[in-house]
1. Report the residue count in the stretch 183-196 for those that are in contact with a Leu (Cβ under 9 Å, 6 or more places away or on another chain) and either under 15 Å from D213 (Cβ atoms) or of a type in the set (G, A, S) (or both).
2. If the Cβ limit is 7 Å and pairs must be 6+ apart or interchain, which residue in the stretch 2-29 that is modelled with pLDDT of 85 or more pairs with which residue that is loosely packed, with under 11 Cβ neighbours inside 10 Å and hydrophobic (A, V, I, L, M, F, W, C)?
3. Find the strands (runs of 3 or more DSSP E) located wholly in the stretch 353-439 whose residues include 1 or more that are of a type in the set (K, R) and in contact with a strand residue (DSSP E or B) (Cβ under 7 Å, 6 or more places away or on another chain), and list them.
4. If I go through the stretch 326-363 residue by residue, how many of them are among the small types (G, A, S), surrounded by fewer than 21 Cβ atoms within 10 Å (Cβ to Cβ) and within 19 Å of the chain's Cα centre (by Cα)?
5. Take D504 and tell me if it is outside any strand (DSSP E or B), of a type outside the set (A, V, I, L, M, F, W, C) and either without any contact (Cβ under 8 Å) to a residue 40 or more places away in the chain or more than 26 Å from V343 (Cβ to Cβ) (or both).
6. Among the listed residues P424, P409, identify the single one that is in the same structural domain as L497 (by TED's automatic domain parsing) and at pLDDT 95 or above.
7. Can we say I401 is of a type outside the set (D, E, K, R), at pLDDT 95 or above and surrounded by fewer than 23 Cβ atoms within 10 Å (Cβ to Cβ)?
Amino acid sequence: MGRGEPADHLERVTDRYLDLLRDALLGEHYLENEMRIEHLLDVVGGADLDLDKLADPARHDASRLRRLKRERRVGELAGDGAPRDRAGIPASAALGRVRLDHLRGCLEALRNDAVEGDLIESGTGRGGAAIFMRGFLEAHEIAGSRVWVVDRFDGRELPDGEDDVRFPPVLNSVREGFARFDLLDDRVKFLQGPPASELGHSSIDEVALLRVDSIDPEEVRAILEAIYERVSPGGFVVIDDYGSAGCQEAVEAFRADIGVQEPLERIDWSAAAWRRAATGRGPRQRGRVASGGAGANAIVDPTRVRDLSVVVVVHDMLREARRTLHSLSRSYQEGVEDLDYEVIVVENGSAPEQRLGEELVQSFGEEFCYIDLGEEALLSPAAAINRGIAASSAPNVALMIDGAHLLTPGVLRYGMLGLHAYRPAIVSAKQWYVGPGQQPQTVASGYDKGFEDRLLAAIEWPVDGYRLFEISHFIGDRDWFDGEWESNCIFVPRALLDQVGGMDESFDLPGGGFVNLDFFERMVGTPGVSLVTMLGEGSFHQVHGGTTTNAVEPHELISSYDDDYAELRGRRFHVPPQWTHYVGTLRAAARRTKPRRMKGFRHFSEAGGSRPTPMPQDLKTEFIDAFWRSGEWHRTPWLGRPTHRPPTDLLVYQELIDRIRPDWIVETRTGAGGRALFLASICDLVDGGQVLSIDGYPLAEPPAHLRITYLRGDPAAESTAARAREIVGERPQGIVILGGGDRGQVVRAFHNYAPFVPVGSYVIVEDTILEGNPVWPDFGSGPAAALRKIIGEGDFVAEPWAERFGLTFNAGGFLKRVR
C-alpha cells in the first residue's frame, strides 16, 4: 500500500481529529441513547414501553432519529418565528453543524492569512464553540492565540420572559467540558459578569475572531462597542442571533454608526458574520452585482464557469424573498457540497420599502448576486427573467419567475440529477400553496401573512424544510403523477435556451399572464427532450398579494390571460403530450395524492365479462388508503355508537359469529363502545354468546347491553388476563378481536387471550394496514409486526376469504387456529 506525502498525511489526521471533535460536541455519536431517553420519558408520560425501540431505536423509531439529525444540523435558531430554544439539546454545541462548520472555515481563513489575535466567545451556552476553537488551535499547533469565554454564568432569565432554557451556562460545567477533551489549560480564559463590561476592562489586545451569542439587542450592541476596535484587520465578527429582529436592528445600527463597509454574510437563518477588511485591501468583492438601473455587471472571475445558475425575480416581496433566498442557500440545501452554483436575484421594480438591496442578497452567501432593474423594470417579469439569464454563466439554468416560492432542501440536488440522468431534459418542481387550501379561496376566508407566519413557526421552518408539506396543498387539482403545464422552479440546459429563447417579452400584462406557461410549453415541446419531475420536492407559494395566485376571484383574470395568449400565438393554450420521468424520494409528509383509478384496472373487468372477477390488488390498496384518509370510518355507527371500523369488516365479524356460534367474544380496546354493541346485537340475532370488552381507559357512558361485560385493565397485562379467565372460564368456545396498538402490546394481548380460541375459531388482529401497509408509514412497529410474529409461531394461519370485500383495515389479520 502506497503512502502519501507526510504533510498531506498530517493534514488528513488533523482534519479527522477536528471532524471527531465537532461531532462529539454536537452529540452526534450517541443519538440512539437520546432516543432511548426520549422513549422512556414518553413512557413516564403514559405511553407504552416498546422494547424494540430501546434495543434498536434507529430501526424502530426512524422518524425520531431523522428529527434529531436535523436538529443537530440546524441547532438553535432566532428570528422570524423560528423557535429560539434548542438549548435543550443535550450536546455541548447547540449552535448546530452548519454554524460550527462556518466557524471552522473562519478559523481556517485566519490560519491561512496569518491573522493575529485571540478568539472570543461571548455568551457560551455549554461551551461547545469555545471548546472547538481551542481544539483548532491545538490541532494546528497555533501558538500565541488564547480563547476567551465570556458569560454571566448566572442562569439568568432570557429577555421577554423566555425562561425555559434547560441548560443555562454554568462556569464549572463549561470548564469540565474543556477538561473532558483535554483542552483546559492556561490558554483558556474565563470572564464572568456582564459581557460588555468584562470585555471592555479585559487585557485583550487583538481579536482575530469575536463570536456573540445573545438575543438581547442592547447587550449585542454594548459588546460590539466594547471590543470591535480591537478586532484585527482580516478578523471575523460572528453574530449568532442575527435572525432575531431586535438583534439585527442593533447590529445594523452599530455598523452604520461606525461606517462598517464590509459585506455581512448570512450563515443560516439565525446567524450572520462579516470579516474586517485587511489594511490596504478594502472590503471583499463577492459575486456579481449590477448597481442602479441596468448597470454593468462587475465579474470577479470572468473565466469561472459554474455548474448551475438560479435566476429569481422579486417584486414587492421583502418578507417572502428572505425565506426564498435562504431556501436556496448552502446552509439549507442538502447534497450540494460539490455543486458550484450561483443565485442571481433580479429586483423588478419593487417599492423602496420592499427592495431587498445588495447587502441583504449577498448576505445569504457568496453564491448570491443582485441586479436591480430600477426604472427599467416592467409590469411583466419576462424581461427580468431574461436579464438574469443574460447575467448567468452556467450551462444549466433554474428559473423562478415568482420569488415568493420556498423550496424544499433537495431541489438543487435532484434538479441537477434529473438534468444529467435523462439528458437532454428539463426538470420541474411541483407547485404547492402554503396554507389550508387554494390561496385565492383561503385568502377570501381570512388567510393572511400573520396566519402563514404562525404556520411556518409551528413546523419549525427552516429546521426541516420537508415539513412544508404538512402545512401546504398542491396548487390546483394536480398531484405527483398528473401532467404539468408550468413550474415556478424549472431546470433547463442553456443549450435549449440558446435554441428556443427564454421568456417571451411579448407577454407584457402585469404578472406576465401566461408567459411562464408559454415557456414551459416551448421547453417540453422540444423534440427529444425528456420531462423530469422531482418527487418529494416542491416549491411553496407564500401569500403576498400577487397578481394572479392571490386574487380573490381569479377566473376572469385567467380568462383574460388565455385571450392574451390566443392573440399572441393564434391558438388557445394547451398542455403538450408528456411522458414523465421521476427523480427524488417521497417522504412521509409528502405522500399525498388524490384517489385515482389507474387505466390498467379496466382490463380485469373486461376479461371476466359477466363472470365474477377477483378485485385487482392495486385497486384494493388504493381503496383502503382513500377510505382511511377520508376519516369516514370514524363515523361508522352502530345504533348511534361509533364503531371506528369500516362496515365491510363488521360484515365479516357477523359472518364469523354465525359460523362459530361462540360462547364468548373477547375484544380489546373498547373505544366508544360501538363495536361491542354491534357484536352483542349479532349475538342477539343468533340467540347466543356474550361479549367481554377489555380496555384500560374508562368509558364515561358505555353502551348498556345484557350480553356485554366490561373489564377495566391493560389488555396486555397478565393480571387483566387472569380476571378475564375468571369471567369466561379457562377454555371457552371463543373468538378474540385484538384492537390496534404497538407490536409489544398486541403480542402480549394475543398470548393472554389466544387460549380462549379453539381449533377452527378465529383471532382477529385489527389495524394491520398501519406501518405503511398502506397507511401511516411513520406509525412505528405495530399490529403488522405483531401479526408476523403471531403467524410465525405456527398455530394460526391467515384466511384470505375474509378480505373478499376489498375494504379491510385487518389485512392478513383474520387468523384461524389450525392446531
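The values are calculated or read from the model by the stated rules, or taken from the named source; none is laboratory data. Here the structure is a predicted model, which means the values were calculated and not measured. A quick note on method: Cβ atoms are made from the backbone with ideal geometry, for glycine too, and the neighbour counts reach across all protein chains shown.
1. Here the count works out to 2.
2. Cβ pairs passing all conditions: none.
3. Correct list: 425-434.
4. Residues meeting the conditions: 1.
5. Working: outside any strand (DSSP E or B): yes; of a type outside the set (A, V, I, L, M, F, W, C): yes; either without any contact (Cβ under 8 Å) to a residue 40 or more places away in the chain or more than 26 Å from V343 (Cβ to Cβ) (or both): no.
It is false that D504 is outside any strand (DSSP E or B), of a type outside the set (A, V, I, L, M, F, W, C) and either without any contact (Cβ under 8 Å) to a residue 40 or more places away in the chain or more than 26 Å from V343 (Cβ to Cβ) (or both).
6. Working: P424 fails: at pLDDT 95 or above.
Residue meeting the stated conditions: P409.
7. Working: of a type outside the set (D, E, K, R): yes; at pLDDT 95 or above: yes; surrounded by fewer than 23 Cβ atoms within 10 Å (Cβ to Cβ): no.
No: the conditions fail for I401.
Matching residues to (1) out of contact with any Lys or Arg (no Cβ under 7 Å at 6 or more places or on another chain); (2) more than 30 Å from G528 (Cβ to Cβ); (3) crowded, with 21+ Cβ neighbours inside 10 Å:
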site: Y414; (1), (2), (3): yes, no, yes
site: L417; (1), (2), (3): yes, no, no
site: Y422; (1), (2), (3): yes, no, no
site: V427; (1), (2), (3): yes, no, yes
site: G435; (1), (2), (3): yes, yes, yes
site: P440; (1), (2), (3): yes, yes, no
site: R454; (1), (2), (3): yes, yes, no
site: P462; (1), (2), (3): yes, yes, yes
site: H473; (1), (2), (3): yes, yes, no
